Each structure stands twice: as structure tokens, then as C-alpha cells.
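What follows draws every value from the coordinates through simple rules; no lab data is involved. Since the model is a prediction, treat every value here as computed from it, not as a measurement. All Cβ positions, even for glycine, are placed from backbone atoms using ideal geometry, and neighbour counts span all protein chains on display.
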Ligand SMILES: [Zn+2]
């Protein structure tokens, strides 16, 4: 039965000959269109192993990347939005909230938590773009404000990971008030001499850019993240001019002095911890 005995050690089938990989095992990079193992992609902090494209990720993934052994305590996990304006667009606002909660498993567009990062306890707020475009409503503002209170009370550094289309139009003025509220809380954090680092991820725009996202002791960003206030179309129509190449990319914003540095997500945790230790 010599035909039955494997002469060479290991499996020799070249990758391109392999078939029938079950669904969900492979990740297709939307930037370079190359394929990699989802596990490999996850271990690489959800960045492409071929072109370093930074996949858009949510609070779950950031918590797992940043907290030691994914160990953390969530704050105000069940806070939900009211409907002060009885707002209706294509859907009534409470129905939109309910549908979004069912779809995403989230309660609103930010999650706040504290836990160890390389042994240093840090309080952080991480936004979720899946929840109505990461829009900032009263729950987002209130949770961030309370997370800052927690940081002050327990003397921890504060990290904000922004990812947002801006203010939540369904809450109109209530949403805009969150800009002032979070900014005032950050002033108290500064008074307590505690460090604040703001990480801007793809995309960070509107009222979020115009408030807490740009108020860090250090404002840093992920590579190629879109960062701006109004969208490029609105600006083009307002000023009546074509916009420069790469306008509103993290690299462009860095060149023009609005950011301190750009950080690869694989180095994020170590860089943040050394920054916090320097500032504490
Ligand atoms: Zn890629």
C-alpha cells in the first residue's frame, strides 16, 4: 500500500488549490482586495497584513485590543435615549432606536469602561459607528461626562476613541448641548491634572470634531482616517473651489498642525501607556 503512505511530511497543497473554506474564516481586505485568515487579521489588530489598511472597528474590538486580557468594567451600560422632541423622519425616533439596538446589540453610540492597560488603570470611552452613524446624542454626551467624572474620582487617565458622523439630528439642540457639557467636564479633568488623549478614527466629523475629539492633551489619529467638520461636498459648494488632494485625511490634518501624531493600531496600546505615564 505504498501509494497510501504519505512520503513528504506536512500538507503540501498550495493555498490556491485549497477549496471549501467555511464561511467566516477569511477576511477580504476592502482596500487591496487580498484575502487573509480572520484570526490572523484579528491578531494584527484588525489591520491588513498586506497593505496595513485599518478596518473600521467598534468598542468591542478596541476594548479587546487595549485592555489587558480584555478585562474591564463597563460604566452606565444600560443608559438609553429618551425622545424629548417626539422626532419623526422616515421613522419615529424610538422605533429607530429600538431597531438599531436589535441590529447592533448596543444601547447607544458610545461605551465607557475602565480597566488595566499594561497594568495602568485607564478610563476610556469608545464610539460605535454602527449605532446611527456614531452620532452624538444626549446619551453619548452623558456617558462621556460620567466617564470623565469616574476618571477624576479614581485619578485615572482618560482616553476617548472617536468615530462619528457628528451630532444626532433627532435630538437637535439636546445633541448640541453635549459639546459644551463634555468640554466643561474635560476642563475639570485638566484642573485635576489628569491626562486626556483623544484618538480620532475613521471617520471623525461634525460636532464631535468640534468638541471633545480636538481637546486632548494629545490629539492623535489612525492612518488615513477621515477627519473634518463639514463634509468635502459642503465645503466645495461653500467656497466654490476644488479641494486639495488628500484633504481631510489624517495625514493632511497632521501636516496642517491639527494632530500630534498618527499611530498604527498595532502600536496603539504601548504608545498610549507610555504617553499616559509621561503625563501623569
Ligand atoms: Zn489590504
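Below is a table of values for the structure above.
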read-out: Residue of 49, 197, 234 that the Gaussian network model of the chain assigns the largest fluctuation, springs spanning Cα pairs under 10 Å; value: 234
read-out: Under 19 Å from the residue 53 label point (7 Å along Cα→beta-carbon), backbone N, segment 243-280; value: 246, 249-251, 264-266
read-out: Degrees between helix 138-154 axis and first principal axis of the chain (Cα, 0 to 90, nearest 10); value: 90 degrees
read-out: Degrees, to the nearest 10: 268-279 long Cα axis against longest axis of the chain; value: 40 degrees
read-out: Efficiency of FRET from Cβ geometry, residue 229 and residue 270, R₀ 35 Å, rounded to 0.05; value: 0.70
read-out: Stretch gain in nm, segment residue 241-residue 90, where the contour uses 0.36 nm per residue and the Cα spacing is subtracted; value: 51.0 nm
read-out: Relative contact order (%) - criterion: Cα under 8 Å, at least six apart; region: segment 104-244; value: 20 percent
read-out: log₁₀ of I(q)/I(0) at q = 0.11, 0.13 Å⁻¹ - the chain, Debye sum with one point per alpha carbon; value: -0.68, -0.91
read-out: Antiparallel content of DSSP bridges confined to segment 39-168, in %, to 5; value: 70 percent
read-out: Contact order normalised by residue count of the chain, Cα under 8 Å, 6+ apart, percent; value: 13 percent
read-out: Diffusion constant of segment 123-280 at 4 °C, which comes from Stokes-Einstein with the Kirkwood Cα-pair radius and 1.567 mPa s, µm²/s; value: 81 µm²/s
read-out: Ordering of 239-250, 175-186, 132-143, 157-168 by burial proxy (mean other Cβ atoms within 10 Å per residue, highest first); value: 157-168, 132-143, 175-186, 239-250
read-out: Choice from 110, 126, 263 with maximal GNM fluctuation in the chain (Cα, 10 Å cutoff); value: 263
read-out: Max mean-square fluctuation residue, GNM over the chain, Cα-Cα springs under 10 Å, options 203, 30, 223; value: 30
read-out: Helix axis angle, 172-191 relative to the chain longest principal axis, alpha carbon, degrees; value: 90 degrees
read-out: DSSP bridge pairs, the chain: antiparallel proportion in percent, nearest 5; value: 50 percent
